[in-house]
Amino acid sequence: MNLFTLTLALVFSGTSVLAEDFSRTPVDGFKIEQTVNKTDYETRSRQITVPYQVPYQEQEAYQDTETYYDYEQRCGYEPYTDCDYIPRCYTQSTSRQQCSTSSVCRTDSSGRQTCTPVQRCTSVPSSQQVCHNERVCHTRSRYECRTVSVPRTRWVTRYRTVTRYRTEYRQETEYYQVPVANWSKTVLVEFPQNAVLLNGESERVRIELTGVKANPSVSVSVDSPVFAYTAGAPQTNGPDRYIVVMTMVPKYTSKALSEGTISGLDLNRATNQVVFNDRGLVARSQTDYEVEITDLEGTGGSFTVKMPANYSSKSQTIALPQNLDSTLDYRVRLKVNRAGVMVMDKSVGFTQEVTSAGKLEKMKFAQESDLSQLKVEGNGKATRLIFKDTAPSHAQVATVYDLKITYDAKFLGKNRVLSATRLDRSQLALLTDGSFAVAFAGLSYLTEKEIKNFLDAKDKLVIELKAIRSSRKFVGDAELFRTLTTKLQ
């Protein structure tokens, strides 16, 4: 057994600090008096023998398997291929041409004979024998022996390094506490007269005796959901009694009750209310709101509504005295003022604002009957395109027209596009009956003669007019269109 000795360091005295918690409720008024107990301890030491584990390493044998290869002779019948050449003959039939020459004689009217040589050929059949060697193979077997490598397994002894532990002992100094004195003090905690608690409110008062019996002291702290305090210096009132006076201080800084406490500020068009959440509604403070509603499109001016905060909920609702136009943009400006003894600067004020955008029902601007009476009037340079667009006019709705004029030349197998252009409503002339007009000549690069030729055959003209309206106020998609197609007669 190995022994390691540590020298005894010291012996000292101390105390066991134990705080005691008490509650102050409206029934307790402005004073709490409690007796707090404390025990002083002396720390001593002693030598003890402590076992501990010491690691060491050693080699350990273990059994394992390994693969090795052995050679052995194996015999058996093995297949092989044997080939021979065998003569093959056959008779091949042929023919040859055999020719002969003879004289053909003729006698004319005078009795003179003329002879001419004539060659005559005939085919004579013949045959000959053709022979060749043909390769013929057969699969046979023969008895053979050969040496092969065969894997085998065997047990072997291997070695590895392992960590083991042995128990050794050493001497250590152990410290322990021994109670040497029990003592108590009565502590009276006095609160300011304006620290009034309401029904259901309570504060936790923590009283702690510090020091030792020969040199005692006391510490007081208060955890309150309503007020904040600082403790004065303890005053002795007899040999075993202390008086601690609490002073009220602000609980909240101005920053803690400023802009970050307001969230979700919005104008509810459906209920005609301003809604928001306020996390800055703290006890013993007063919060007032002032809401200013301003028409950003310059048609209705502005008005103001004032009301105090509703402390029963963080969600605040301010009803507006007049109905708002759902299509207009409004600015909502909320002014918040807070005051109270728990606010560090006595009062705090700030402003927060949002913009509420109006909405337009886009289908009111996209009726099937909006575009109508599409026609061409006049001739030559005076020719113009006329149509009606009865959709309501609105400053926040932009309208453009895509116009396409096609010459239907079916006899040529294709159509000719005379004009494809986009027109802003401001480019069109407004007629007395509310119709819109645009000069036909300005829609293409055709000459006056070409325009006349096409108009003379106007039953071949197809005019497609598409009205495209867009607005940031449209509910849903920001763009919509209606199309009107007319074939002139």
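At a glance:
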quantity	calculated
Surrounding net charge for E290, when Lys and Arg each add one and Asp and Glu each subtract one, Cβ distance under 9 Å	+1
Protection proxy ranking, peptides 330-343, 116-129, average beta carbon neighbours within 10 Å, highest first	330-343, 116-129
Sum of -39500 (n - 2.57) over DSSP H runs of 4+, divided by residues of the chain (222 nm, nearest 500)	-500 deg cm²/dmol
Average projection area in nm² (convex hull over Cα atoms of the chain, one quarter of hull surface)	85.1
Point-charge dipole on Cβ atoms (K/R +1, D/E -1) for the chain, about Cα centre, debye to 20	2560
Cα centre as origin, Lys/Arg/Asp/Glu Cβ charges: segment 285-326 dipole, Debye	280
Mean projected area in nm² (Cα convex hull; one quarter of hull surface) for segment 159-291	23.4
Unit charges at the beta carbon, dipole of the chain: most positive-side option, L418, L428, V291	L418
Segment 260-356 - charge dipole about Cα centre, Lys and Arg +1 at Cβ, Asp and Glu -1, debye rounded to 20	500
For the chain, share of DSSP beta bridges that run antiparallel, in % to the nearest 5	95
Per-q log10 I(q)/I(0), segment 71-141, q = 0.19 Å⁻¹ (Debye; single scatterer per alpha-carbon; no solvent)	-0.92
Farthest positive-ward along the chain dipole, Cα basis, beta-carbon charges - from L209, Y69, Y401	Y401
Percentage relative contact order, the chain, counting C-alpha pairs under 8 Å, at least six apart	12
Ordering of 208-214, 99-105 by burial proxy (mean other Cβ atoms within 10 Å per residue, highest first)	208-214, 99-105
Dipole-positive endmost among T230, N277, T107 within the chain (Cβ charges, Cα centre)	T107
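FYI, it's all coordinate maths here, none of it is from the lab. It should be emphasised that the depicted structure is a prediction, and the values quoted were computed from it without experimental measurement. When we count neighbours, we look across all protein chains shown, and the Cβ atoms used for this are built from the backbone with ideal geometry, even at glycine.
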